[in-house]
Every structure is written in C-alpha cells, then in structure tokens.
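Remarks on the structure that follows.
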Amino acid sequence: MLSSQTVPQTHLPRARFPMAGALLLGAGLGGFVDGIVLHQILQWHHIASSAGVPVDTVAGLERNTLLDGLFHAATWIMTVAGIALLLRGAQRRARLYGSKLVGGALMGFGLFNLIEGLVNHQFLGLHHVNETVPPDRWLAWDLGFLASGVLLLALGYAVSRKAPA
C-alpha cells in the first residue's frame with residue numbers, strides 16, 4: 001500500500017547529453033562575438049577585407065557589409081540548431097547538466113575561433129583579426145585569436161568533465 005507521501009519513482013533510460021547541440025550553440029555564439037565585436041564595434045576587419053575587397057570605398061564597404069551579414073546569418077543558424085538539439089535532448093531527460101552545457105558551449109566557441117582563425121585568417125587570407133594595426137602585427141593578433149580558441153576549448157573540456165555522470 002502506498003502512503004500519500006510516497007512518490008513513485010520513474011526510471012528514465014540513461015540519456016547522453018546532446019553535446020553536438022552545446023557545440024553548435026557555442027560556435028554560433030562565438031561567431032556572434034566575432035562579428036559584433038571585431039567587425040562592427042571595433043571595426044578591425046570584415047569578412048573579405050584582406051581578400052581584395054576594400055573598406056575605404058562605398059562599394060567595398062557595401063560588399064563587406066553584405067558578406068558580414070551572411071556570416072551573421074550562418075552564426076544565427078548554428079545557434080538555433082544548437083538550441084534545437086539541446087531542447088530535443090531535454091525532452092528525453094528532464095535534467096540537463098549545467099556544466100556539460102557550459103563546457104560544450106565553451107568548446108564550441110573555441111572550435112569556432114580555431115576554425116575561423118585557421119581558414120579565414122591563415123589559409124584563405126580573407127581578413128585578419130586586427131587590421132587597424134600595421135600589417136607586420138597582423139600575425140600576432142591572429143595567433144592570439146587562435147590561442148583564445150585553444151584556451152576556450154581546453155576550459156570547456158575541463159568544465160564538461162566535471163559534470164555528473
């Protein structure tokens with residue numbers, strides 16, 4: 001006989017945390033930080049400012065602004081996709097581990113910095129982190145950006161490892 005204070009235990013199947021959602025969320029948010037802070041507020045660079053699209057002509061600025069907008073659209077899609085995956089995972093299990101979410105988002109942010117920094121800054125040469133300094137200092141800023149990616153990735157991994165099993 002069950003007393004009125006006994007709550008039946010529901011045993012949920014063990015669900016894995018949707019790390020892909022946290023990574024996408026972090027990458028999207030990292031892209032927003034890059035685009036909002038470096039492209040718009042500080043105006044250090046635009047998507048194609050080192051790829052022959054000038055920033056000192058109206059036509060060049062219009063093209064860079066369009067490319068920056070497409071970049072923001074892509075980071076928005078990553079963010080929404082990450083949230084959708086996290087919500088789908090939450091529906092399977094009522095409790096999401098905060099440290100896994102924060103850790104995964106930090107790792108995603110770090111991965112964004114590493115991938116964007118290697119592809120756009122180094123391999124394609126589309127732009128550099130801080131184009132307001134003399135060109136001989138661009139590499140130092142680019143390497144600092146890559147280092148921030150490694151640091152965020154490592155920090156996120158450490159945070160996510162502390163999550164309950």
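Just want the ordering: Ser99, Ser160, from fewest to most Cβ atoms lying within 10 Å of their own Cβ.
Ser99, Ser160
Taking the Cβ of Asn130 as the center, what net charge do the other residues with Cβ under 15 Å away carry, scoring Lys and Arg +1 and Asp and Glu -1? Could you put the intermediate results ahead of the total?
Numbers: positive: Arg137; negative: Asp34, Glu116, Glu131, Asp136, Asp142.
Here the count lands on -4.
When Lys and Arg each count +1 and Asp and Glu each count -1, what net charge do the other residues less than 13 Å away from Trp44, Cβ to Cβ, add up to?
-3
Cβ under 13 Å from Ala20's Cβ, Ala20 left aside: what net charge do those residues give with Lys, Arg +1 and Asp, Glu -1?
+3
What list do you get for Thr65, Thr57, Thr75 if you sort them by fewest beta carbons within 10 Å?
Neighbour counts put them in this order, fewest first: Thr57, Thr65, Thr75.
Under a plain spin-label model, where a point goes 7 Å from the Cα along Cα-to-Cβ, how far apart in nm are Ala20 and Ala147?
3.5 nm
No value in this document is a laboratory result; all are computed from the given coordinates. Because the structure is a prediction, the values reported are computed rather than measured. All Cβ positions, glycine included, derive from the backbone under ideal geometry; neighbour counts span all protein chains shown.
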